[in-house]
Each structure stands twice: as structure tokens, then as C-alpha cells.
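Each remark here refers to the structure printed beneath this line.
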Amino acid sequence: MKRIYQLILLLLIGLPTMAQITRPQTNPATPSLKVKGLDLDYFNPKEYIIGGTTLTGTQYLDKEVIITLSKLIPGERVILPGEATANAIKNLWAQGLFDDVQLDIVKIVEDTVYFDIEVVERPRLSSFEFTGVSKSQKTDILEKLGEKAGKAIINDNLYNSTTATIKKFLLEKGYFFTSVDYKTKPDPSQDNSVILQVAVNKGRKVKVHEINFTGNKDFSSAKLRKFLKKTKQQAFYKVFGSGKFNKEKYDEDKTKLIAKMHDKGYRDAVILKDSIYQYSDKAVGIKIDLFEGPKYYFGDISWVGNAKYTTEFLQRALGIEKGEVFSEEKLEKKLRGSANGDDVSSIYLNDGYLTFNVDPVQTKIAGDTVQLEMRIYEGPQYTNNRIIIKGNTITNDRVVRREIRTKPGEKFSKDLLIRTVREIGQLGNFDESKTNPVPKPNPADGTVDIEYTVEEKPSDQIELSGGFGGGNIIGTLGLTFNNFSLRNLFNLSAYKPLPKGDGQKLSLRGQTNGKYYQSYSFSFSEPWLGGKKPISFGISAFTSLQSNGGRSYYGTISESDSRYSKIRLNGVTVSLGRRLNFPDNYFQLTHAINAQQYILNNYGGFLFSTGTSYNFNLTQELSRDSRDSPIFPTGGSYFKFTIQATPPYSLLNNVNYATASDKQRYKFTEYHKWKFESQWFQKLAGKFVFKAQAQFGFLGSYNSAVGQSAFERFKLGGDGMQGFDFLQGSELIAMRGYANNSVIPVGSRAEIAQQSGSPIFTKYVMELRYPVIASQQATAFLTAFAEGGNTWNKFADFNPFNVRRSAGFGAKIFLPIFGLLGIDWGYGFDKIPGSPDANKGQFHFSIAQQLGGFN
């Protein structure tokens, strides 16, 4: 009886080694040991030395590695029958590489045993085939799956990891109830490989029906929901819904939620746990369990390590008083993160202390009060040494170097470093986002090398357009070369296609529809006349002709005929400008001398129709530009004040203008003209930027007997572009929501006022901007705007608050080769007497307009 029990016990121990091992993909059989013609005594296990182990059935796997995993390594000792053989088979099954595993004892020679492992390899993954997802989603999923194709084995681990990756990706896109099914098919192009067919059922995107909080005492649930900027709860008053649930944005919101609570003084606030649950087949609910903790306040703040500046000075710069609500965000901003550069770190960095550091240490927390110690490391003052420029493959070094404000031998300054980046961007030749200054301190001698890395971008512009005006087709060709080099004009090897690299600007523009209308202009500017001082020089000239070309209802007519009508304008301008250091170095003063000639022949719309008039005037312009970018400013301001005046001829001659003919009265145009424009930019939440703008213009006269000038008036309304009507001697002021030139003084005749213009105008703009593209190739942004403006015939009627109003939206894109292109839709709320179609809905197109200009 005892012998029978021993036999049963040995059978139970050896059973795992007796069954043949065959493993279906998901339910492996019990591993077994197969003995070919050999007898093993299960009642007397014996120790053997492994003489050798072979592996059969493998084509793609490393045999030595598989044998090592089995642990049946030649030279090792093994007890047969025993657990070693069973463990060997289990180890190989655990790899997930095989559909079948068998272990054979080939032979036993005295105390030496020889094994053979027979395996059936599982197929490999050759590629994926997806259904149920878009092409772009498929690309993203494959990127997240990595390089599995060609390497992965088809097993449960592959299914599980692929499913998890797909579900996580779609969860971040708002698909909360995704399911994934698989099928395989052989790949005829590869042996032992299959194509994995992945059928994805995304379900529908879900919204957030409710967001509930627990653990909040001082913060209401409604307040906490407002902190979740991108995860919104459904509500009946949200006309366009609360948006789809996005897991990635939700995770960001949780971080920002706690940051907001910390900023309110609750420095111990934390999310204990949160859960997302299915509310319905269209919505989910969110539950967030919070720990608020107490509200903390700033206590005493002490300073150690400061030798350059006194504790009192640093405390004033910090601007945090004892008893204020404790906020790490505010503390960090005051120490080194102020956008205005008035933080403590900037004070040191602007004085040469390049390696300055301050570490705020919370030394004691007494109740609800946090005591701080500001531990300062001032380090040595650094002096600028070498200034290195890299990446300017077209623009000459001297053009970039003259804009650099971190001069060798001067103390290092963070402000001047930032200013230099701005000035390089203002050149228009480099991608502002790629300009990277890198200070490289040399502690041994207290100097710092500064390396400016830039990246060239296309800066030349072309204007090529066709339009319809005055009953005729008109074509325009304009070329602007923003990085021209005049000194290489006769150097043929420098033409690519024109000589470049000196930062000069050359513009050529022509517009014509044949013999009835022609306009040509030329301008050249040099920002550094002589190359040593920031004195700008400019010269420009234009000529324009508009006529009826001898056409009439009665056939062709000659120029001597009274029915022939034409006007020609000729003009030239020479200007000099210089940068100022007072009140600050953002100011610039420009002087210009202008000479213009107007030749009218039976041409209506002005105070005289036939004759020649000359306009010689001097222009003084004071401007200040601190915008951080010339294309899409997010901060800073711009203003320009201009005075333009002619000699007071009527006060110097003895002409009796009461009886003077038009030829005498208007031979020499006289006036004084005052203009003002200001712009202000401020970055709001996220990427939104707010722009405020105000403009004013006044055209005055010296002598009431002469009256207002026939030229140099203002025309308000429309897109501000000249187009076919080149508007002789008038300034166009854009105002969206109204037709071109339609905003006229109250009581004026529309057909006359729109043609001749007005001597006084004012205009205000509020605009909200949002960037959608910001790259070297293009900058594009959306706008929503509200405008107000008006014109007056005399100063006595001027009322800056009596304006015509409009609002609308639009989009603009800046392409280096074309300049600024835009489309706006505006609605004018106020009617224009005599022009019933001037207001209401108006589309406005613009091309190659100035980025800053007076329009």
C-alpha cells in the first residue's frame, strides 16, 4: 500500500514533464518531456550532465539565445526526471514566440544527456491595415506604434499594446468609447509573416455633461469650473455647445486648476483623485476630489548675499508686501519672469551680472504665514567681448552688426540683448522666430562672447494683379527689393537676380490700362547713409496720367477740343532721417522735401479744372516704434506725428485773391497739414492680441481769401488702396464697412465730396487678432474689429466723438514675396446721405499694403 502511495506521488511530480507540449495561441497545453526509446526510473531520479542541446523548427530566431532561455545549457547538471525540463518548456512558452514547444531526450550516454527542442514559430507582423480611422489618424497611430512591423510577433502582447495605443490616441481626440478588433491574413511577399487587419470603431465624440467637485470649501464649484479653460460643462446658454471632450486638454486643465489655486494662496492644494465616467452614449461626467488646504500669506522676507544693491532697494523692486496672499507665480514673476523687464533678475542682468541667481527659500511656515529668505548669488560683472554672427548667407555682416546694441567693451545687458533681437527682426531679412542669441561667458577673464544665430528668409516682394475700374481693365506690376545693394550695381557676379546684401530698399511700380491711364513710381532708401551712423536717406519719384484718351460719344477728338480731359501728376521727394536717443532710443526724426506738379486740362473734381499748380512743401515727421515684431506685433506701441507745410505765398506777395483768377490762385498750392497716428498692442489670454489705434488729420490754410487747398485732402472709407482711381493729391484712409471714399461730411454733396476729399478726419480702431500660421514661409492671422471715423469741412464742426461706426471680421496673410494680403467683411451701422449703398455689408480686399503705415 505504501508503495502505491509513493508511485502516485511521483506521478504527480513528474506529470508536467510527461505531457506533450502544444500551445494554441491563447491556451497552451501542459508542457511534457518526450523520451525516444529510453527508460527513466521515476522512482529513482538521477543527476546527469547536459552533453548538448539542439533546436529545430526555427528560421528567424537566434538558436543560441533560445537554448540559453531554456537553461538547458551544455555542461550544466540536471536531474531526470525533475523540474528542470518542465521549467525549460515553461520559460520558452513565456516568451510568446511559439505556437508549439516540445522537448525531446535524444540519447543518454552513461551520465550524459542530450536534448532537442522542437518549436513552431509564431508568424511575424509585416504591416497594419486600418479601417474606421482617417488617413491622418492612421499616420499618427502608426507613428505612435513605432517600428513594430517586421519585428513584432503576433501574440497577445501585440494585441494588447496596439489596442492600448489606439484607444489612448483616440481618447485624446475625444473618442471615449473606442473598440478594436483584429484579423490576420498571410503576407504573400514574406515568409512566416501576416498582415494585421485592425478594425477600429471610434464611436462618437463625447461632450462633458457635468463636472463635479468634492473637498472644495473656499472655492465654489462654479469658480473651479472656470479654471478649466478647455474642458467645459454643457449648459443651455452655450449656443454652440461646450465642445468635445479632449483627454489631453483635460490633463492640461487639471495642472492649470491647481496652479490657479496655488496662485490664490492655497499652496497645499492638490487633486486627490479624479474619474471620468460614462454619463450617456453622447456624454461623460467628470468627478474631481480636491484637497484645498489653508490659505497662506507672505510673511517676513529677508535677503542674503546681496552686495551690489541694498535690501531696501531689492524689496522695493520685488514689490511684495507682508500680508499679501501667498502666490508662487507672483513671486517667480517678480524675481525673474516679468514681461516688462522690471523683475529683480533683470536689474542684475542689465548691469552685467550674467551669472546672477536668486533662490527663494521658505524658511518657516507659522500657521498661515510663509517666511521667505532670498538667497542671492551675484557673481562677477561681465563685459561683452566678441560679437559673433552666424547664418547670414545673403545679408552682409556689417548690415546686421550695425543693429547690434551689445557692443564689445560694454557691460553685458539683458535688455540690450532683447533689443538687438528686435532690431535684427525689423530689418525684414531674417525669420524673427529663428534669431537666437547665445551668451558664452568666460569666467577666467570676466568677459562674455555673444553669438547671434540668424536664418535668412525671402524678403523681396512682387505685386502682380489685374482689376476692373472706370470701365477698363487695368494691370499692375510692382517689384520691391528689400535687401538691395547699390554699390554692387555694376558687379555682374553679384546679380542673383539683383545685387543683394546691403539692406537698401528699391521699389518699382507700374500701373496702366493703355493710353487712358498710366502711373509709374520709383523709390530708393538707404537706412545708414555713409555706413557709419543711423542716418537714413531716401529718394522717390512718380508720374501719373489719366485722360479720356480722345474718346467721346462723337468719335475721336483732339487734345485741343474742349471735350478732351486729362490730368498729369509729377513728383519727387528727398528725405533724411536720424534716430534719436531722447526721450529714448525708439524715436526717429525725418525731414523731407517734396516737389509736385499738377497739370489739369478740362478735368473736374477740384477747385479748378484747367491749369498748372505746383506744390513745394517741407515735411517733419517724429515717430516712435517699440513694437516687438514688424509683421504680427504682440506688444509695444507705435506713433507718428507729421507736419507738412508749404511757403505762405499769399502772405508774401501782393496778389488780390478776391479778384484773382484760378490760374493765379492755385498756381502755387499753399497749406499746412497736421497728422497723428498711434497704435498700441497687448497680448491677452492665450495667443490673442489686442490692437488699439487712433488717427487724426487736419488740413489748414494761411489765408481765408485763398481758402482750402485743392489737393492734399483726406478720403475716408473702404480698403485704403489706390486702385484705378489714383486720387490725385489725396490721402486714402481705410475704414472697413463703408465703400471707398464714402465717409463724407454731413451736409456735403456725395458726388463732389467723394471726389475732392475733406480737410479733417479722425478714425479709431479696436481689433482682436489671433495667429493661425507663424513660420518663415508665411504669417497669417484672423481679426475681429470695431471702427469709428468721420470727416469734416471746417474745424468749427469738428467733434471727435461724432463718428460713423462699423464692425466685422477678416483674415490677413503675410507672404514675403507678396507682402500683406487681406480680406475683411465689415458692416457700417450709419447711413451716408446721398449714398444709400455706402454702408451695410462690405467686402474689402487688400494686397501689398504697408504693415504699419498711415492707412
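Calculate the spin-label point distance for Asp268 paired with Ala366, positioning each point 7 Å from the Cα along the beta-carbon direction, and give it in nanometres.
A separation of 1.8 nm, rounded to one decimal place.
Would you please give the FRET efficiency between Glu373 and Thr255, computed as 1/(1 + (r/R0)^6) with r the Cβ-Cβ distance and R0 = 22 Å, to the nearest 0.05?
Step by step, r from the Cβ atoms, then E = 0.20.
Could you compute the FRET efficiency for Glu423 and Val772, with r as their C-beta to C-beta distance and R0 at 30 Å, rounded to 0.05? Don't skip to the end; give the middle numbers.
Details: r = 27 Å, r/R0 = 0.90.
Efficiency, from the Cβ-Cβ distance: 0.65.
Contour minus end-to-end for Trp825 and Lys840, with contour as 0.36 nm per residue of separation and end-to-end as the Cα-Cα distance? If you can, show how the numbers build up before the last one.
Details: separation 15, 0.36 × 15 = 5.40 nm, distance 1.00 nm.
That pair, Trp825 and Lys840, stretches by 4.4 nm at full extension.
Go ahead and run the numbers for FRET between Lys135 and Glu83, Cβ-Cβ distance against an R0 of 51 Å, rounding to 0.05.
The pair Lys135/Glu83 has a calculated efficiency of 0.45.
Take the chain, mark every one of the GluC sites (Glu not before Pro) that falls in a DSSP loop and has at most 14 other Cβ within 10 Å, then report the longest stretch left between them, sites excluded.
Answer - 560-855.
Out of the DSSP beta bridges found with both residues in the chain, what percent are antiparallel (nearest 5)?
Roughly 85 percent of the beta bridges in the chain run antiparallel, per DSSP.
If amide hydrogens are placed 1.01 Å from N in the peptide plane, which non-local residues have theirs closer than 5 Å to the one on Ile389?
Residues meeting the criterion, in which the H sits 1.01 Å from N, are Tyr452.
Could you work out how much longer the chain between Val120 and Arg398 gets when fully extended? Use 0.36 nm per residue separation minus the Cα distance between them, nm to one decimal.
92.8 nm
Output the antiparallel fraction of DSSP beta bridges having both residues in the range 383-453, as a percent to the nearest 5.
Of those bridges, close to 55 percent are antiparallel.
Cα centroids of the range 392-463 and the range 156-172: how far apart, whole angstrom?
What the calculation gives is 47 Å, centre to centre.
Where both partners of a DSSP beta bridge lie in the range 207-291, what percent of those bridges are antiparallel, to the nearest 5? Don't jump to the answer; show the numbers that get you there.
Values: 9 of 17 bridges.
Expressed as a percentage, antiparallel bridges in the range 207-291 total about 55.
Considering only Gln234, Ser275, Phe219, whose Cα is most displaced toward the positive end of the charge dipole of the range 207-291, charges sitting on Cβ of Lys, Arg (+1) and Asp, Glu (-1)?
Working it through, the farthest residue towards the positive pole turns out to be Gln234.
Helix-derived [θ] at 222 nm for the chain: sum -39500 (n - 2.57) over DSSP H runs of at least 4, divide by residue count, nearest 500? Don't skip to the answer; put the middle values down first.
On the way: 15 runs with 141 residues, N = 855.
It lands at -4500 deg cm²/dmol.
Would you calculate the separation in nanometres between label points at Ser609 and Ser678, each defined as 7 Å from the Cα along the Cα-to-beta-carbon direction?
Reported label-point gap for Ser609 and Ser678 is 4.5 nm.
Roughly what would the spin-label model give for Phe641 and Ile813, points 7 Å off Cα along C-beta, in nm?
Spacing of the two 7 Å Cα→Cβ label points: 4.1 nm.
Taking the Cβ of Leu589 as the centre, find all other residues whose Cβ is under 15 Å away and add up their charges (Lys, Arg: +1; Asp, Glu: -1).
Result for the local shell: +2.
Taking the Cα centroid of the range 466-545 and of the range 773-842, what is the distance between the two, rounded to the nearest whole Å?
Each part's Cα centre sits 28 Å from the other's.
Can you give the extra length, in nm with one decimal, that the chain gains between Gln278 and Thr184 once fully stretched, where that is 0.36 nm per residue apart less the Cα-Cα distance? Before the final figure, lay out each step's value.
Working: separation 94, 0.36 × 94 = 33.84 nm, distance 3.21 nm.
Net length gain for the segment: 30.6 nm.
No lab work stands behind these numbers, since they all come straight from the coordinates. Keep in mind it's a predicted model, so treat the numbers as computed, not measured. Don't worry about glycine lacking a Cβ; one is built from the backbone with ideal geometry, like all the others, and counts go over all protein chains shown.
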